[in-house]
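A.B. asks: One structure coming up, written as structure tokens, with questions to follow.
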Amino acid sequence: MVPHKRFMLFKKWCEHYRKLLGIMNWDFKYKHELLDEDNQASVNTNYVGKMATIWLNKKYSLRQSDLRNTALHEIIHVFLAESICISSSRFITQEELDSQHEKDVIHLTRVIRELERRT
């Protein structure tokens, strides 16, 4: 699959999961760029402004199933943005907060994918 088609499929899956999780009141931007980091994708959220930017790393040529899982993973980050915003106002280190956030995203990804397999 050519890179542009791969990116369009990634965006399609992001929109699918965005609707599934009910976060249509957010303003989303999608970018396909070479990222400095080794992640397949990355997301930046602004909870107060309800804005999210999701990057797909051009460094990787992901299979269709990996694109789908990566899209779900990034959308769950947005889904959890409110709890992260709230949590950061309490006494907790950023490292603890980031670690818990990543665990929650991985868990939700597995749960949702399992539910999809059943339907």
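A.B. asks: How many residues are in contact with a Ser or Thr (Cβ under 9 Å, 6 or more places away or on another chain) and surrounded by fewer than 10 Cβ atoms within 10 Å (Cβ to Cβ) when one looks only at segment 94-119?
C.D. replies: The qualifying residues number 1.
A.B. asks: Can you say whether residue 56 is closer than 14 Å to residue 7 by Cβ and either surrounded by 17 or more Cβ atoms within 10 Å (Cβ to Cβ) or among the aromatic types (Phe, Trp, Tyr) (or both), as far as the supplied structure shows?
C.D. replies: Numbers: closer than 14 Å to residue 7 by Cβ: yes; either surrounded by 17 or more Cβ atoms within 10 Å (Cβ to Cβ) or among the aromatic types (Phe, Trp, Tyr) (or both): yes.
Yes: the conditions hold for residue 56.
For (1) basic (Lys, Arg); (2) part of a loop (DSSP other than H, G, I, E, B); (3) under 22 Å from residue 3 (Cα atoms), each residue gets a yes or a no:
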position	(1), (2), (3)
25	no, yes, no
28	no, no, yes
37	no, yes, yes
45	no, no, no
49	no, yes, no
62	no, yes, yes
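A.B. asks: Being more than 14 Å from the chain's Cα centre (by Cα) and aliphatic (A, V, I, L, M) is the filter here; which residues of segment 61-83 pass it?
C.D. replies: If the condition is that a residue be more than 14 Å from the chain's Cα centre (by Cα) and aliphatic (A, V, I, L, M), then 62 is the only one that fits.
A.B. asks: Might you check whether a residue that is loosely packed, with under 15 Cβ neighbours inside 10 Å, at pLDDT below 90 and of a type in the set (Gly, Ala, Ser) occurs anywhere in segment 17-25?
C.D. replies: Looking through segment 17-25, at least one residue is loosely packed, with under 15 Cβ neighbours inside 10 Å, at pLDDT below 90 and of a type in the set (Gly, Ala, Ser).
A.B. asks: May I ask you to list the residues in segment 66-93 that are in contact with a Phe, Trp or Tyr (Cβ under 6 Å, 6 or more places away or on another chain), buried (at least 17 other Cβ atoms within 10 Å of the Cβ) and not charged (D, E, K, R)?
C.D. replies: 67, 71, 72, 75, 81
The values are calculated or read from the model by the stated rules, or taken from the named source; none is laboratory data. Quick caveat, the model's predicted, so the values are computed rather than measured. Methodologically, a virtual Cβ is constructed for each residue, glycine included, from the backbone with ideal geometry; neighbour enumeration extends over all protein chains shown.
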